[in-house]
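Q: Okay, here's the structure, questions in a sec.
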Amino acid sequence: MTGRLLLIFAASAIAGTPVAARAADAYDCLIEARQTVDVRSPVEGVIESLKVQRGDTVKKGQLVATLESGPERAALAVARSRASMQGEILSAQAKVDLAKKKWLRADELQKKNFVSANARDEAESEYRLATEQLRAARENQRLAQLDVKRAEQVVEERSIKSPVNGIVAEIMLRPGELMSSNQKDPIMRLLQVDPLNVELVLPVSQYGKIRRGQVAKVLPEEPVGGEYKARVEVVDRSIDAASGTFGVRLVLPNPGYHIPAGIKCRAHF
């Protein structure tokens, strides 16, 4: 249970309100982000640009930042150029065609005793050698195509994308700053707010009465207000002996992002 939620219940106790809410089936709760994600880069580099700002909504897979990638893009261009070259294969294919014709001609002449068997064998060997050279040329092209994929991956790693649907909560690093593996701060922090988590603490008397999948009504405090349905996702399997309570988490759909994370609420079962 988060420290913020414990503070809520501590405040309620000071005010004379027990952990169980004023109504028998209503309890204080706190609406939180589903998850907080610190966005970092898998590689070291200087931040080139930010594509979002604080408060923006983002989709999973959306480009949110880029690192400088001049040398990597140049290496990708070279790899693509090598992979597209056909000269070596065409030259090897021409040698195969010529060597095959020589071998077939020598075979006919040898059958008529116009050339020796040794000449026919030499022509066959030239054909087989040319065939192997063609195979090697094709293998080199396949390796060049793999180099393209590797270079594309290197460039792709310098494009930072959002891992979740959510909102930009904070920007930590700016264009021109270095993103490295030992960098303390991430580039930015995202909050996944659809769905939301609703955290609450219930008295031990309710243990066994609240089950996963059960639906509760959640009433956020003003200015949000309204009534929303949330489903029980987690019921703690342990009791806090000091307070005689246990934790429960609800999942609250928030498709329009109308409910902000961090707001207090009341939950009715």
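Q: Looking at the range 41-59, can you tell me whether even one residue there is of a type in the set (Asp, Glu), surrounded by fewer than 18 Cβ atoms within 10 Å (Cβ to Cβ), modelled with pLDDT under 95 and farther than 30 Å from ASP240 by Cβ?
A: Checked against the condition, which is being of a type in the set (Asp, Glu), surrounded by fewer than 18 Cβ atoms within 10 Å (Cβ to Cβ), modelled with pLDDT under 95 and farther than 30 Å from ASP240 by Cβ, the range 41-59 yields at least one hit.
Q: Could I ask something else about it? Criterion first (more than 30 Å from ARG189 (Cβ to Cβ), touching a Phe, Trp or Tyr at 6+ places or on another chain (Cβ under 8 Å) and surrounded by 17 or more Cβ atoms within 10 Å (Cβ to Cβ)) does VAL148 satisfy it?
A: Against the criterion (more than 30 Å from ARG189 (Cβ to Cβ), touching a Phe, Trp or Tyr at 6+ places or on another chain (Cβ under 8 Å) and surrounded by 17 or more Cβ atoms within 10 Å (Cβ to Cβ)), VAL148 does not qualify.
Conditions (1) closer than 30 Å to ILE47 by Cα; (2) aliphatic (A, V, I, L, M); (3) not assigned by TED's automatic domain parsing to the domain that holds ASP25, marked per residue:
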residue	(1), (2), (3)
ARG174	yes, no, no
VAL193	yes, yes, no
VAL204	no, yes, no
ILE210	no, yes, no
GLU222	no, no, no
SER238	no, no, no
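Q: Something else now. If a residue must be under 29 Å from ALA230 (Cα atoms) and part of a loop (DSSP other than H, G, I, E, B), how many such residues does the range 31-56 contain?
A: Of the residues in the range 31-56, 3 are under 29 Å from ALA230 (Cα atoms) and part of a loop (DSSP other than H, G, I, E, B).
Q: If I filter the range 124-132 for residues that are outside the structural domain of GLU48 (by TED's automatic domain parsing), touching a residue at least 40 places away in the same chain (Cβ under 8 Å) and either buried (at least 18 other Cβ atoms within 10 Å of the Cβ) or not in a loop (DSSP other than H, G, I, E, B) (or both), do I get at least one hit?
A: Within the range 124-132, not a single residue is outside the structural domain of GLU48 (by TED's automatic domain parsing), touching a residue at least 40 places away in the same chain (Cβ under 8 Å) and either buried (at least 18 other Cβ atoms within 10 Å of the Cβ) or not in a loop (DSSP other than H, G, I, E, B) (or both).
Q: Does ASN165 fit the bill of being farther than 30 Å from SER81 by Cα, buried (at least 17 other Cβ atoms within 10 Å of the Cβ) and polar (S, T, N, Q)?
A: When the stated conditions are applied, ASN165 passes them.
Q: In the range 62-88, how many are surrounded by 11 or more Cβ atoms within 10 Å (Cβ to Cβ) and within 21 Å of LYS161 (Cβ to Cβ)?
A: 11
Q: Further, regarding this structure: If you go through the range 57-92 one residue at a time, how many are out of contact with any helix residue (DSSP H, G or I) (no Cβ under 6 Å at 6 or more places or on another chain) and either among the polar types (S, T, N, Q) or not in a helix (DSSP H, G or I) (or both)?
A: The total comes to 17.
Q: Let me ask something else. Quick one: what pairs do we get from the range 101-123, first residue surrounded by fewer than 17 Cβ atoms within 10 Å (Cβ to Cβ), second modelled with pLDDT of 90 or more and among the basic types (Lys, Arg), C-beta under 6 Å, 6+ apart or different chains?
A: As it stands, the answer is ASP107/ARG120, since those pairs meet every condition given.
The values are calculated or read from the model by the stated rules, or taken from the named source; none is laboratory data. No experiment lies behind these values; they were computed from the predicted model shown. Virtual Cβ from ideal backbone geometry, glycine too; neighbours counted across all protein chains shown.
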